[in-house]
1. If the Cβ limit is 7 Å and pairs must be 6+ apart or interchain, which residue in region A:56-68 that is over 13 Å from A:Val247 (Cα atoms) pairs with which residue that is assigned to a helix (DSSP H, G or I)?
2. For region C:55-76, name all the residues that are within 14 Å of chain A (Cβ to nearest Cβ) and of a type in the set (Val, Ile, Thr).
3. Is it the case that region B:183-203 has a residue that's touching a residue at least 12 places away in the same chain (Cβ under 8 Å), over 20 Å from A:Gly115 (Cα atoms), within 10 Å of chain A (Cβ to nearest Cβ) and of a type outside the set (Lys, Arg)?
4. Within region A:159-166, identify whether any single residue is under 27 Å from A:Leu80 (Cα atoms), within 10 Å of chain B (Cβ to nearest Cβ) and not basic (Lys, Arg), and answer yes or no.
5. Could you say which residue among A:Ser82, A:Ser75, A:Ser54, A:Ser67 is among the small types (Gly, Ala, Ser), buried (at least 20 other Cβ atoms within 10 Å of the Cβ) and over 19 Å from A:Leu215 (Cα atoms)?
6. How do the pairs read when you match residues in region B:139-158 that are part of a helix (DSSP H, G or I) with residues anywhere that are of a type in the set (Asp, Glu) and surrounded by fewer than 20 Cβ atoms within 10 Å (Cβ to Cβ), using Cβ under 9 Å and keeping only pairs 6 or more apart or on different chains?
7. Which of the residues that make up region A:191-238 are within 13 Å of chain B (Cβ to nearest Cβ) and not in a helix (DSSP H, G or I)?
8. Scanning region A:23-66 for residues that are polar (S, T, N, Q) and not in a helix (DSSP H, G or I), which turns out farthest from the other protein chains (Cβ to nearest Cβ)?
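The values are calculated or read from the model by the stated rules, or taken from the named source; none is laboratory data. What you see is a predicted model, and the numbers here were worked out from it, not measured in a lab. Counting neighbours? That spans all protein chains shown, and the Cβs are built from the backbone with ideal geometry, glycine included.
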Amino acid sequence: MASDSTAASQTTRPTRRLPLQWVGIAPFAAFALLFLILPTMKIVIGAFQTPDGSFTLENIQGLFTPSILAAYWISIKISLSSALLGCLIGFGMATAVVLGGLPPWIRGPLLTFSGVASNFAGVPLAFAFLATLGPMGLVTVFLRTQIGIDLRSLGFNLLSFWGLTLTYLFFQIPLMVLIITPAIDGLKREWKEAASILGATNLQYWRMVAFPILLPSILGTLALLFANAFGAVATAIALTGSSLNIVPILLFAQSRGDVLGNPHLGYALAFGMIVVTGVANAIYIWLRARSERWLK
Amino acid sequence: MKKFWAWGALAFGLLYFVLPLIGMTNFSLKMRRGEYSFDAYAKVLGDPQFQQTFTYSVTMALVTILFGVILVVPTAYWVRLRLPGLRPYIEFVTLLPLVIPAIVIVFGYIRLYNTSSWLPLTGSLMGTNLLLMFGYATLSLPYMYRAVDTGLSSIDVRTLTEAAQSLGAGWTRILFRIILPNVLIAVLSGAFLTFAIVIGEFTMAALLNRPAFGPYMQLLGANRAYEPAALAVIAFGITWGCLGLIQLVSRFQKTTQRPA
Amino acid sequence: MTFLTLTNIQKSFGPVKVVHDFNMAINKGEFVSFLGPSGCGKTTILRMVAGFETPTGGTIMINGRDQSSLKPNQRNIGMVFQAYALFPNMNVFDNVAFGLKIHGMPKADIEKRVKEMLALINLDHLAERYPYQLSGGQQQRVALARALAPKPQVLLLDEPLSALDAKIRVSLREEIRQIQRQLGITTIFVTHDQEEALSISDRVVVMNAGRADQIGTPFEIYNKPSTRFVASFVGTLNLIEAKVVDPQNSTVAIGDLTIGIKEKIDAPAGTTVQLAMRPEAGSIMDGAKGDTTLRGEVVSSHFLGSVIRTRINVAGNIVSFDMFNDPSIAPPSLGDTVALKIDSADLLILQA
């Protein structure tokens, strides 16, 4: 039949059609090149260039000034704190829903809400927190007038390190819940039963079996949360108005105009960010691959 | 005992997540002294700048979605059909926007496509709009590709294509009449997520100086008290709406999907 | 000597009763199979013995001790699961050592015992491997070693071979039986595969919709099925429609042929009854023994190697007939008329 021969000819002459295969991927390749790879390359190369184009390490060295190092350090601290807390709390909530014996209808809405909350970042999120925990916020006023606790005098300020961390948690916790829930689902019921019939208590099961199995996923997601917080800029700007000295805000200002006195320092800043988030994501991918290999 | 801790954890979580939402809604209704009213909303919705920037962002979102679908669906299809060995590499590329922060990407755009480069996109208004659209497409690429690829994995792409070809269909027909309808649900999911991302996006629009909704919100936040809260409620409502639509649309799956 | 007793066991999940009044006494060192289709309650009973489910009624006694107050981790029972359930984060050695570690055995003793168990299953060279590096059959053997290492008083196996290839299934079930004999451990083996159950058990429990239809040795179950379900589930069975002629003299009519059967008939004359006959009963050879002859036309004939399976139309009933291959005799062909000589004792009347 004619159709048989066309199908056969398509599979028996792959070498002849090779150029054609690659044409199909051309639009995507062009897009990725122009709008993802080239800009990144420009930054990486630019970080090692002087304004006249020659190779230099000065830009990277320029990163090691106290104010910039402080910016990196604060960025890392905020990212780490929101990632650690997000990881812990998110893990607690995910375990509560999957293993806590709660009614099954809770799971769907919780995961949907997590999807919404993990995308509700940036400017509106800052507003929501300002309206709740800011100087005129709902909770602030409530605590002051009804319970007599003045948050200000207790040292809490939304426009500070801990304030930003608290705000970041709004999308960090749901992200943790979304990513770790499948991993907790993956804990087979038979493992618990096998451990139990061999004499293990609940605690022993968690310590010797469940937690070690989940650890790569947990650590990997921690790295992901870290990278996520490190790159966030909109929330920070909306909350602190470019006053907080974190790297994304610094880069933002540098993009607007050369505030650092050296145009190529911006490249170095961006390069530094790529390195940090790149390493964090590489850790995430490596740990995920490891845990997937175990669990086949 | 286990249930007690579980309910406790849930209640604690609920408190943390619901309070800010209540806070912002409450604040948004307090514009008129002493009583609850929708004054802040009225002000915002009547503001010509709101209408302008919101329209701009919605238009950009729709254009980005269109571009995304035209780029991603044929690519994902082609890779599955003819270049399966390339899949891991393509997947890696589509995950890069999650690794490289938006601010770094747009910084790269400004340095690369400024007026003295080989592709001076930032030199003209239309060029900058185009650049922003490409930026949005890059940001939403991971989600769009993942959604479409998952959708394609639940239909037998190779067999459908061969069946269509044996009946005489050409590539465009195959794509439009056979592949697209079968992954429509997945495409819609990706589309709604893209919409949510573009509407709320701040960094790229601000640095490329385009009148989008994100920078407008930030500007208002720096200058006004009650209107930002109203905006936040609107933005949250849109995000919730988009994700709700994704859930709704997923329920109309005609083919069974393997759980992730 | 009775070691494990199940008395009046009932189990309901909400309004649905899955196990009705189950009673059985298992002797020490006995290998008992629970056989039945999915949903018949066999796994539920096993899980109740293990302690993962609580009986709604009845008691379970092991070695004279009532198990109802004991949690699964207190019962000293070994269990092998269908999905192997090896801990993926531990290698073979650590998996097998797990139960011993929990019991606080000193390290040196653990090492000795684990090596012993690995030698028993012939996998000592794989001690350092991880589960994902092992085949299904190897994983299940490790699971067996892990279950037996702490010297449990009872061994439970929940469809352990269902996930494996046919060839491995046969060799592994032999190995399980051999190890069980060697250790003399009381064992319950759950399966839906009747060949498995018949080939390695001391006794078989055939379960149907939450009830034990029959408990007996494989020989008894196969040759003297007490219910129609047992007869049809265990082995192949021919069903022949017959009309009762004379209940007093136990005669029935199959088509034009009136024959006598060796069983009592409870139904009045004229009623239609079902007769059951095993395919290996009778012979079509000349000079075969038997007091009854069924005549019919060959509808199909399959040469399966050592066995020839012929289907004969006897008065409208298709009767399957198996005979061993004999190189000197040609198999029957389509359309041949054959005379199947059987003993009337081979015909069972199905009451249930």
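1. Listed by first residue and then by second, the contacts come to A:Asn59/A:His264; A:Asn59/A:Leu265; A:Asn59/A:Tyr267; A:Asn59/A:Ala268; A:Ile60/A:Ala268; A:Gly62/A:Leu265; A:Gly62/A:Ala268.
2. Narrowing region C:55-76 to residues within 14 Å of chain A (Cβ to nearest Cβ): C:62, C:67, C:70-76.
Correct list: C:Ile62 only.
3. Yes, region B:183-203 has at least one match.
4. Taking region A:159-166 and keeping what is under 27 Å from A:Leu80 (Cα atoms), we get A:159-166.
Within this subset, residues satisfying the condition of being within 10 Å of chain B (Cβ to nearest Cβ) are A:166.
Retained after the next criterion (residues that are not basic (Lys, Arg)): A:166.
Scanning region A:159-166, I find at least one residue that is under 27 Å from A:Leu80 (Cα atoms), within 10 Å of chain B (Cβ to nearest Cβ) and not basic (Lys, Arg), so the answer is yes.
5. Numbers: A:Ser82 fails: over 19 Å from A:Leu215 (Cα atoms); A:Ser54 fails: buried (at least 20 other Cβ atoms within 10 Å of the Cβ); A:Ser67 fails: buried (at least 20 other Cβ atoms within 10 Å of the Cβ).
It is A:Ser75.
6. B:Tyr145/B:Glu91; B:Arg146/B:Glu91; B:Asp149/B:Glu91
7. Within region A:191-238, A:Ala232, A:Val233 qualify.
8. Start the filter on region A:23-66 by keeping residues that are polar (S, T, N, Q), which leaves A:40, A:49-50, A:54, A:56, A:59, A:61, A:65.
Remaining after also requiring not in a helix (DSSP H, G or I): A:49-50, A:54, A:56, A:65.
Working: A:Gln49: 11, A:Thr50: 15, A:Ser54: 17, A:Thr56: 17, A:Thr65: 19 Å.
Among them, the one singled out is A:Thr65.
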